[in-house]
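Read through the structure below, which is laid out as structure tokens, and then see the notes.
Read the figures in this text as sums done on the coordinates, not as results from a lab. Treat the numbers as computed from the prediction; the structure is a model and nothing was measured. Heads up, the Cβs are rebuilt from the backbone with ideal geometry, glycines too, and the neighbour counts pull from every protein chain shown.
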Amino acid sequence: MQPPNLYVTGTDTGVGKTLASAALLHALRARGLGAVGMKPVASGCQRTPDGWRNEDALMLQAASDPRPTYEDANPYALPAPTAPQLAAREDGVEVDLETILAAHARLAGLADRAVVEGVGGWMAPLADGLEQYALARALDADVVLVVGLRLGCLSHARLTARAIQADGCRLAGWIGSAVAPAFERREAYLGLLREALPAPFMGVIPYLPDPDPAAAAAMIDSAGL
């Protein structure tokens, strides 16, 4: 039986983790599963009449069915558009693992699968004293790696996969993300990545000027999750 929790990480920031996470939610729902998304810590939030909101967390909330409250989907919404550690310090916020776990438990009670999006790359801390592996392990989550397909991705992907396994987490699969549309050797690099990474290849999300999670869902294979 597959674990109900998925943790999505990336080879770096800006590689398409949010689109991949939202696409996974749509893909899981297409299989008849209830699926909810979560962005535990989000920096770069905007003030709205309803409070601080983050566009990545809103995309995950919109892709979820059943739809969670924003506060559970994003327990820590931090204003500064910088590393979460710095954003939390600037806002005087102490990010607490137990608060995240409590919000996640409420989300997990709604659905068959919970998809949790991390921050930056795997080695970017969620907060002072809180590494991403600690949350993934606390959730007993399978990890999905999003690889930004561009020059240098082979090393970044292999290092990230090695770190995930060294941290005692399960790498369940990886998704290619075409973040560099002019990358001429994409297919060759995909071949190298498929040979090198110790997890199933789940597909490639093409470069989308206007990200559409439902369309991206058709590009990935979630059958093993």
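Of all DSSP beta bridges located in the stretch 88-214, what percent are antiparallel, nearest 5? List each step's numbers first, then the result.
Working: 1 of 11 bridges.
About 10 percent, rounded to the nearest 5.
Which distance in Å, rounded to a whole number, links the C-alpha centroids of the stretch 167-225 and the stretch 98-128?
Comparing the Cα centres of the stretch 167-225 and the stretch 98-128, I get a distance of 22 Å.
Note the angle between two axes, namely the Cα long axis of helix 186-196 and the longest principal axis of the Cα atoms of the chain, as a number of degrees from 0 to 90, rounded to the nearest 10.
80 degrees
Multiply the residue gap between residue 98 and residue 82 by 0.36 nm, knock off their C-alpha separation, and tell me the result in nm, one decimal place.
3.4 nm
Considering Cα pairs under 8 angstrom that are at least six residues apart, work out the relative contact order of the stretch 1-114 and quote it in whole percent.
Relative contact order of the stretch 1-114: 31 percent.
Extent of the stretch 96-225 along each principal axis, from alpha carbon coordinates, in Å, largest to smallest?
45, 31, 25
Need the full-extension length gain, residue 89 to residue 137, defined as separation in residues times 0.36 nm minus the C-alpha distance. One decimal, nm. Present the calculation step by step, with values, prior to reporting the outcome.
Numbers: separation 48, 0.36 × 48 = 17.28 nm, distance 2.49 nm.
Extra length available between residue 89 and residue 137 comes to 14.8 nm.
Run the dipole for the stretch 5-217 about the Cα centre, Lys and Arg Cβ at +1, Asp and Glu Cβ at -1, nothing else charged, and hand back the magnitude in debye, nearest 20.
Approximately 600 debye in magnitude.
Separation between the residue 65 and residue 159 pseudo-spin-labels, each 7 Å from Cα along Cα→Cβ, expressed in nm?
4.0 nm
Pop the C-beta distance of residue 46 and residue 218 into the FRET formula with R0 = 30 Å and round what comes out to the nearest 0.05. Show your work: numbers first, answer last.
On the way: r = 30 Å, r/R0 = 1.01.
Once rounded, the FRET efficiency stands at 0.50.
Calculate, in whole percent, how much of the Cα-Cα pair population of the stretch 5-217 lies beyond 29 Å.
Looking at the stretch 5-217, the distances longer than 29 Å represent 20 percent of pairs.
Rounded to the nearest 5, what is the percent of antiparallel bridges among the DSSP beta bridges in the chain? Display every interim value, and only then the final one.
Numbers: 6 of 33 bridges.
Antiparallel: roughly 20 percent of the beta bridges in the chain.
Any idea what angle helix 153-166 forms with the longest principal axis of the chain, computed on alpha-carbon atoms, 0 to 90 degrees, nearest 10?
60 degrees
Considering the dipole of the stretch 5-217 built from charges on the beta carbon (Lys and Arg +1, Asp and Glu -1) around the Cα centre, which of 143, 80, 123 is farthest to its positive end?
Positive-end residue among those listed: 143.
For the stretch 165-225, which semi-axes, largest first and in whole Å, follow from the square roots of 5 times the eigenvalues of its Cα gyration tensor?
22, 17, 10
Taking just the alpha carbons, could you work out the radius of gyration and Dmax for the stretch 86-145, both in angstroms?
My reading of the Cα-based Rg and Dmax gives 12.2, 36 Å.
Read phi for every residue in the stretch 55-72 and hand back ³J(HN,Hα) as whole Hz from Karplus 6.51 cos²θ - 1.76 cosθ + 1.60, θ = phi - 60°, with x for Gly and Pro.
These are the phi-based 3J(HN,Hα) values: 5, 5, 5, 5, 5, 5, 4, 5, 7, 8, 8, x, 7, x, 5, 5, 4, 7 Hz.
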